[in-house]
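Each reported figure results from applying straightforward, stated rules to the coordinates on display, with no laboratory input. What you see is a predicted model, and the numbers here were worked out from it, not measured in a lab. In this analysis, Cβ positions are derived from the backbone assuming ideal geometry, glycine residues included, and neighbour counts consider all displayed protein chains.
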Amino acid sequence: MAVVKLNAVGKTYPNGFEAVKPSSFTIADGEFVVLVGPSGCGKSTLLRMVAGLEEITAGTLNIGDREVNDVDPADRDIAMVFQNYALYPHMTVRKNIGYGLKNRGTTADTIEAKVQEAAKMLNLTELLDRKPSQLSGGQRQRVAMGRAVVRDPSLFLFDEPLSNLDAKLRNQMRIEIKALQRRLGVTSIYVTHDQVEAMTMADRIIVLNSGEIEQIGTPAEIYHSPASTFVASFMGAPPMNLIEARVEEGEIRVNGGASIGPAGRCPSGPIQLGVRPEDVELGGAGQTPFDISIVEELGAHRLLHGHLGGQPFTVHVGKEVAAAPGTTQIHLKPEALRLFDSQTGKAM
Amino acid sequence: MKRAGFTTIWLPVALLLPQLMIIAIFFYWPAGWAVQSSFYLQDPFGFGSTFVGLENYTDLGSNSEYLRIAWFTVIYTCLVTFFSLAIALLLAVKADKVIRSARTYRTLLMWVYAIAPPVAGFMGIMFFDQRTGPITDAFQVFGWDYKLGVNYTDTATAMVIAAVWKQIPVNFIFFLSGLQSIPRSVNEAAIIDNRSSTSRFWQVTFPLLAPTTFFLLIINITYALFDTFGIIDTLLKGEPGNNPMTLVYKVYLDGFRGNDLGGSSAQSVILMVLVLILTVFQFRLIERRIHYT
Ligand SMILES: Nc1ncnc2c1ncn2[C@@H]1O[C@H](COP(=O)(O)OP(=O)(O)O)[C@@H](O)[C@H]1O
Ligand SMILES: [Mg+2]
């Protein structure tokens, strides 16, 4: 268990490509932080620098009260879970889990006891004498977890550990991993490109885009107050609606239509207006026309896809709200409106 | 799946015939002939032959020169196999570290493989030559009065070095592709689990290379036993004298130089049995192949 501190940590690969721009953040003891972003944005690079598998080319990294820039990965007191499990194919599950302990000079008895304990925690007791090739994907993932848990590290690192599993298993493992981390209280950094995983597992989310941190915040903050249009459109399914609008005399208008809501202290000019699909009400006091073209039936709720002022727009309504293709009036909740700079995409 | 079939038996037979004929003419016929003539004592001048039963074989068992050559062949095979595998593995591990897609390196080393055995032998002569060979000069510096073709051990050393040198590239290629097929993350998991790169190599990398190593072991034994003929022939310059040689070379010497066709045939039959055993062993191995997936 440890505080992890990145101070302007950056990575430039030998070919000159800057995969991670200097980034700083601190992870509290026992916190579960999720690094999320599209593929190729530098998540793995950042995580691998923390693990020591990739050299840090700028800044300093502290784990606990040590600066670990030049510390060997085996001495950083970390455990890592890889996307393709990375089990040793020639070792049994028991040996796989115990390998790290063996190399730390732990006695055979202690290793066996710890392996048994980890196996029990992860439902692997029956599988201890199998080779990885005799396990299913989910079981392999649990062995990989066991290998991490047994070392009793001060920091867990996960690199997309669930991407190779099918959707059902993924949901189940997501909960198991989170519960395990809660129980053990080990500081964790979890990398994923899946925003659902990020939202459901994280204490805090770090959104990365092209090697740069876009936003750091709790899932609720990230979801409700995205710092940029990138975060707004990346987090949430369906994503936040983003439409071109103008601020005129303190009022937001789309295509010169009626006022959608107050713009607060935002100066007049073009903006991007963001509103989550569920922050919209049909009918009632609404005076903004919305052309519904498709109704997506999802059981518990419905998604209405269409256009607002000629721009694509989606509305999320509960199953009790009837809707059919055609034009209807909607009301955007004023407190849910987010305004972004039309040039930079940053929140205003 | 639908299986394609022939309606008559004659078409497949006709298609197979050329291949079967080649095998028959170039393998079964001479092999049968060798087995047969191993039971006869040939007149050196070609006037008939006498049936002698197993005498050619029993003679070999009591022939001290033959036993000495057999012993040399064993040592030679072990040395060539061990060093060509060990050096190739060392090079492959180093290359794998430096470049993950070691294409240029690979091609460069592959060139050596394209050299024919007699050429390798000839280059061995150049390096080890009494007057001009650079390696001879180097040995001289360390006080080793190196005499290729005169001193038994010295000639044997050149044979081993030339044979190893020629075999390293092919082993290197196999080891390198074996190393590169180990998932990067497995190596990285090991880096986190184990501080010592030496013990990582023996506990993780080497076991994962086992299938490649077993395969190469068979290939290299076969190579040292049989394919080094050209190297040996060139190094000995056709003057075997008191020099070391392998069993295959002895077959050639006795049969074509000594005109002892019966004894030579008996020797080749023994070698055939050896190949047979190696082949069976190899097939067994491939069946039980150690594969991790
Ligand atoms: N060894 C390398 N040399 C150069 N560029 C690299 C190297 N490894 C990764 N990259 C680049 O760095 C960027 C970030 O990679 P990565 O951290 O793996 O992304 P992801 O967020 O998908 O995990 C990518 O554009 C990738 O092409
Ligand atoms: Mg990645």
Coordinate range along principal axes, alpha carbons of the protein assembly as shown, Å, largest first: 122, 72, 52
Given charges at beta-carbon only (K, R positive; D, E negative), |dipole| of chain B in Debye: 1500
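For A:Glu281 and A:Arg182, calculate 0.36 nm times their separation in residues minus their Cα-Cα distance, and state this gained length in nm to one decimal. Before the final figure, lay out each step's value.
Numbers: separation 99, 0.36 × 99 = 35.64 nm, distance 3.77 nm.
Extra length available between A:Glu281 and A:Arg182 comes to 31.9 nm.
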Paramagnetic reach from A:Glu297 in region A:306-348 [backbone N under 16 Å; point 7 Å along Cα→Cβ]: A:317-325
Label-zone membership for region A:220-244, site A:Ser342, 7 angstrom Cα→C-beta point, backbone N under 17 Å: A:229, A:242-244
Whole-angstrom gap from region A:208-238 to region A:19-63, using each part's C-alpha centre: 17
Most to least packed among B:172-183, A:136-147 [average Cβ atoms within 10 Å]: A:136-147, B:172-183
Intensity falloff of region B:144-293 expressed as log10 I(q)/I(0), Debye formula with alpha-carbon point scatterers, at q = 0.10, 0.13 Å⁻¹: -0.54, -0.79
Choice from A:Asn209, A:Asn15, A:Asn123 showing the highest fluctuation, given a GNM over chain A with Cα pairs closer than 10 Å: A:Asn15
Average beta-carbon neighbours from other chains, 10 Å sphere, peptide A:72-82: 4
Listed residue (A:Ile292, A:Gly30, A:Gly16) projecting farthest to the positive dipole end of chain A, Cβ model: A:Gly30
Charge dipole (region B:48-101, unit charges on Cβ, about Cα centre) - positive-most of B:Tyr57, B:Tyr76, B:Val93: B:Val93
Two-site FRET efficiency, A:Asn62 against B:Ile87, from Cβ-Cβ distance with R₀ of 60 Å, rounded to 0.05: 0.85
Sequence-distant aspartates and glutamates (8 or more away, or on other chains) whose Cα lies within less than 18 Å of B:Lys147: B:Asp129, B:Asp137, B:Asp233, B:Glu239
Lys/Arg +1, Asp/Glu -1 at C-beta; region A:4-230 dipole; positive extreme among A:Leu6, A:Asn123, A:Met145: A:Asn123
Partner aspartates and glutamates for B:Lys166 [C-alpha distance under 12 Å; skip if fewer than 8 residues away on the same chain]: B:Asp227
Shielding of B:181-191 by partner chains, average beta-carbon count, 10 Å: 6
Centre separation in Å (Cα based) which lies between region A:127-144 and region A:280-348: 47
Cβ charges +1 (Lys, Arg) and -1 (Asp, Glu), total dipole of the protein assembly as shown, debye: 700
Tally of Lys pairs whose C-alpha atoms are under 18 Å apart, taken over region A:86-177, 8 or more apart or cross-chain: 5
Region B:23-101-region B:161-175 distance, computed between alpha-carbon centres (Å): 20
Full-extension gain in nm, A:Ser210 to A:Gln116, via 0.36 nm per residue minus C-alpha separation: 29.6 nm
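Within the set of other residues whose C-beta is less than 15 Å from the C-beta of A:Gly236, count the net charge using Lys and Arg as +1 and Asp and Glu as -1.
-4
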At R0 = 45 Å, FRET efficiency that the Cβ-Cβ distance of B:Cys78 and A:Glu126 yields, to 0.05: 0.50
Given charges at beta-carbon only (K, R positive; D, E negative), |dipole| of region A:22-127 in Debye: 400
Gyration tensor (Cα) of chain B, equivalent ellipsoid semi-axes in angstrom: 38, 32, 17
Listed residues A:Ile206, A:Ile330, A:Ile78, most fluctuating in chain A (Gaussian network, C-alpha, under 10 Å): A:Ile330
Contact order normalised by residue count of region B:55-289, Cα under 8 Å, 6+ apart, percent: 30
Average projection area in nm² (convex hull over Cα atoms of chain A, one quarter of hull surface): 20.8
Solution diffusion estimate, µm²/s, Stokes-Einstein, region A:238-341, Kirkwood Rh from C-alpha pairs, 37 °C, viscosity 0.692 mPa s: 238
Within region B:25-92, chymotrypsin sites (Phe, Trp or Tyr not before Pro) in DSSP loop having at most 14 other beta-carbon neighbours inside 10 Å: B:Phe45, B:Phe47
Kyte-Doolittle at least -1.0, axis length at least 18 Å by Cα - qualifying DSSP helices, chain B: B:10-23, B:64-98, B:152-180, B:206-222, B:261-287
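Provide the FRET efficiency to the nearest 0.05 for the B:Lys97-B:Phe215 pair, computing r from the beta carbons and using R0 = 22 Å.
Computed FRET efficiency for B:Lys97 and B:Phe215 comes out at 0.45.
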Peptide A:86-94 - average C-beta neighbours from other chains (10 Å radius): 5
Charge tally in the Cβ shell below 15 Å around B:Phe128, where Lys, Arg are +1 and Asp, Glu are -1, B:Phe128 excluded: 0
Helical contribution to [θ] at 222 nm, DSSP H n ≥ 4, -39,500 (n - 2.57), averaged over the protein assembly as shown, rounded to 500: -14000 deg cm²/dmol
Cross-link reach list, lysines versus A:Lys21, counting only Cα pairs under 24 Å and skipping chain neighbours closer than eight places: A:Lys5, A:Lys11, A:Lys43, A:Lys346
